[in-house]
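Single-structure report; data block below.
The values are calculated or read from the model by the stated rules, or taken from the named source; none is laboratory data. Every value quoted in this text rests on a predicted model; they were computed, and no experiment measured them. Because the Cβ atoms are built from the backbone with ideal geometry, glycine has one as well, and the counts that use them run over all protein chains shown. Areas reflect the complete protein model, heavy atoms only, side chains present, ligands, DNA and RNA absent. Shrake-Rupley method; radii C 1.70, N 1.55, O 1.52, S 1.80 Å.
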Amino acid sequence: MSADLAGKNAIVTGAASGIGRAAALRLAADGANTFCVDRDEEGLAQVVGILGEGHTGFAADLGLASSCREVVAASRRHWHDRIHILVNAAAILIREPTLQHSRAAWNLTLDINLKAPFLISQEVVATMIETGIRGSIVNVGSVEAVLPGRGHVAYTASKGAITMLTRSAAFEAAPHGIRVNAVAPGVVATGMNADLREDPESWSEMLAGIPMGRHAEPEEIAAVIAFLASDEPSFVTGEILTSDGGWTLH
Amino acid sequence: MGGRQVAIVTGAGQGIGKGIARTLAERGYDLVITSRTERDLDGTRQSVEEAGGAATIVVADLKDPGTASRLVESALTRFGRVDGLVNNAAVNIFAPFLDQTDSNLDEMIETNLTAPFFLCQAVANHWIEKGLPGAIVNISSAEDTIAYPEQVPYASSKGGLLSMTKVLALEWGPLGIRVNAVSPGSIDTEMTPEVYRRQASRLMPIGRLGKPEEIGSCVHFLLSDDAAFVTGTSLYADGGYMLQ
């Protein structure tokens, strides 16, 4: 059964590809209106084309604080301040060994993966409090918050921070009836690892370490996001829901 | 997935278990419900039927070694299938550690940990024998992670249940059997002390206690295909209690 999101307005960042795209499609299938954000205008146009009426694309580079504010301002105008759901899915991964990790890679990763969810959540929570909407925010974390990926130092740090951003925001937003949770995906087939999947041998070696013996499709993470975004887990807040096929159990 | 699915829910006579049974019935499950008290189960069956489901009652003590296979057989006899198992039954006897008796300890460990152990075995044996996928949800507690005074046996049993959940998820991941936990915080049931209700607005970030149905919706999600890649995890449903 799909969660019932009929009539709900949802901002989804990173909606042009991967988990964000799957989340936008799933939330829409469950009845939500979406405001899809990405810097990839072509990908965005394609998703919004599939979504059709009632859905909007908004091109923005979330590496810029001003763009984050514009996202919320534009969605407020679009929906007359009524925002029910925010999915922070936009993220980048730059692979460079820790000792050689450049300042540029570090800054860009933290800007997009951590500061953008922070800034957008801040304004969205303020909007929800203003309108009295008991909304739901879903952050996309990662199992890398607990298990580092080689050469992923900035990404790993950003996802570790997402865990505590989620919990801090949840704690302060709880009295307003606003829930903040995260999904922590394991290995998911997205553009972020498309190059790795081109080497079938090392890829299947990695999959062999996952108890379920496979990677996830973005749609499977989107299903978890849809659950957290809905009113179904109305007593769940500050939770990091791992969805990794058992990868981090050992 | 055609037709109604079938789940076994233990401790279904009252409280969280009754809420889980009701929620699952609303979402297309028929149920095998068990408890030690027939009259309580009659109430749950009525609630399940009102929600459009069918329920088979099994009056049994989970400490009895024969109960696990009896529950699985009941599901197969009545409904011809079993898709999910919800280990919910639990006992909590409060006492300072030095005053906890052998019999208290046995009661809690056997009900809260040993019974789920053998039920997992019984239902998974059926699935593995038939080559079927399946899903198990163990109802743990926020106390699998955080401490409260005077509940050493209960907390130990829940810590054990969480560990068991993880190991089974690992062992059965390759077989398509998912094992997860829901760890509730303070839920408002017949057993809830009045003082908890009075303090809820102050002690809970969300400002209230949880409802049994709110655990039911988490259980439903973990049993469903929406959680197809979720295994070995615990979903804390505590109204933000563990954030403080």
Exercise for the section: Would you please list the contacts, defined by Cβ atoms under 7 Å and residues six or more apart or on different chains, that run from a residue in segment B:95-109 that is in contact (Cβ under 8 Å) with a residue 24 or more places away in the chain to a residue that is of a type in the set (Phe, Trp, Tyr) and part of a helix (DSSP H, G or I)? Expected result: B:Met108/B:Tyr154
Handout entry: Flag if B:Lys158 is closer than 22 Å to B:Ala12 by Cβ, assigned to a helix (DSSP H, G or I) and either at the interface with another protein chain (Cβ under 10 Å from one of its Cβ atoms) or touching a residue at least 12 places away in the same chain (Cβ under 8 Å) (or both)
Key = yes
Completion exercise
Among residues of segment B:225-244 being touching a strand residue (DSSP E or B) at 6+ places or on another chain (Cβ under 8 Å) and in a helix (DSSP H, G or I), the residue surrounded by the fewest Cβ atoms within 10 Å (Cβ to Cβ) is B:Met242
Handout entry: All positions within segment B:30-63 that are open to solvent by less than 10 Å² (accessible area, probe 1.4 Å) and among the hydroxyl-bearing types (Ser, Thr, Tyr)
Key = B:Thr34, B:Thr44
Exercise for the section: Take the residues in segment A:74-90 that are part of a helix (DSSP H, G or I) and touching a residue at least 40 places away in the same chain (Cβ under 8 Å), then tell me which one is nearest to A:Asn193 (Cα to Cα). Expected result: A:Ser75
Completion exercise
In the set B:Ile128, B:Ile93, B:Ile109, B:Ile136, the lone residue that is at pLDDT 95 or above, farther than 23 Å from B:Lys63 by Cβ and of a type in the set (Val, Ile, Thr) is B:Ile128
Practice task
May I ask you to list the residues in segment A:142-158 that are in a loop (DSSP other than H, G, I, E, B) and either open to solvent by less than 30 Å² (accessible area, probe 1.4 Å) or in contact with a Leu (Cβ under 8 Å, 6 or more places away or on another chain) (or both)?
Solution key: A:Ser142, A:Gly149, A:Gly151, A:His152
Problem - In segment B:202-224, the residues that are farther than 19 Å from A:Val180 by Cα, open to solvent by 10 Å² or more (accessible area, probe 1.4 Å) and in a helix (DSSP H, G or I) - result: B:Arg202, B:Pro212, B:Glu213, B:His220, B:Leu223
Handout entry: Answer from B:Ser163, B:Ser157 - the residue that is among the small types (Gly, Ala, Ser) and within 14 Å of the chain's Cα centre (by Cα)
Key = B:Ser157
Completion exercise
For strands (runs of 3 or more DSSP E) lying entirely in segment A:1-72, having 1 or more residues that are more than 13 Å from the chain's Cα centre (by Cα) and of a type outside the set (S, T, N, Q) picks out A:33-38, A:56-59
Handout entry: Test for A:Leu93: is it within 25 Å of A:Leu196 (Cβ to Cβ), under 17 Å from the mean Cα position of the chain (by Cα) and open to solvent by less than 20 Å² (accessible area, probe 1.4 Å)
Key = no
Practice task
Six or more apart or on different chains, Cβ under 7 Å: which pairs go from a residue in segment B:167-182 that's facing another protein chain (nearest Cβ under 8 Å) and part of a loop (DSSP other than H, G, I, E, B) to one that's surrounded by 24 or more Cβ atoms within 10 Å (Cβ to Cβ) and of a type outside the set (Val, Ile, Thr)? Could you list them?
Solution key: none
Exercise for the section: Might you check whether a residue that is among the hydrophobic types (A, V, I, L, M, F, W, C), more than 8 Å from chain A (Cβ to nearest Cβ) and in contact with a Gly (Cβ under 6 Å, 6 or more places away or on another chain) occurs anywhere in segment B:228-237? Expected result: no
Exercise for the section: Determine if segment B:141-150 includes at least one residue that is under 19 Å from the mean Cα position of the chain (by Cα), among the hydroxyl-bearing types (Ser, Thr, Tyr) and within 11 Å of another protein chain (Cβ to nearest Cβ). Expected result: no
Completion exercise
In segment A:197-208, residues that are assigned to a helix (DSSP H, G or I) and either open to solvent by 70 Å² or more (accessible area, probe 1.4 Å) or of a type in the set (Phe, Trp, Tyr) (or both) total 6
Fill in the blank from the handout: Counted residues in segment A:209-242 being outside any loop (DSSP other than H, G, I, E, B) and either of a type outside the set (Gly, Ala, Ser) or surrounded by fewer than 24 Cβ atoms within 10 Å (Cβ to Cβ) (or both) come to 11
Fill in the blank from the handout: Per the filter on segment A:201-221, residues facing chain B (nearest Cβ under 9 Å) and within 20 Å of the chain's Cα centre (by Cα) are A:His215, A:Ala216, A:Glu217, A:Glu220, A:Ile221
Exercise for the section: Determine whether A:Thr163 is in contact (Cβ under 8 Å) with a residue 12 or more places away in the chain and either part of a loop (DSSP other than H, G, I, E, B) or open to solvent by 30 Å² or more (accessible area, probe 1.4 Å) (or both). Expected result: yes
Exercise for the section: Select from segment B:125-146 the residues that are out of contact with any Leu (no Cβ under 8 Å at 6 or more places or on another chain) and part of a helix (DSSP H, G or I) and write down the one among them that is most open to solvent (accessible area, probe 1.4 Å). Expected result: B:Glu129
Practice task
Kindly provide the set of residues from segment A:166-189 that are open to solvent by 10 Å² or more (accessible area, probe 1.4 Å), out of contact with any strand residue (DSSP E or B) (no Cβ under 7 Å at 6 or more places or on another chain) and within 11 Å of B:Pro205 (Cβ to Cβ), ordered by number.
Solution key: A:Arg167, A:Phe171, A:Glu172, A:Pro175, A:His176, A:Gly177
Exercise for the section: Could you check, for segment B:64-71, whether at least one of its residues is open to solvent by 30 Å² or more (accessible area, probe 1.4 Å) and of a type in the set (A, V, I, L, M, F, W, C)? Expected result: no
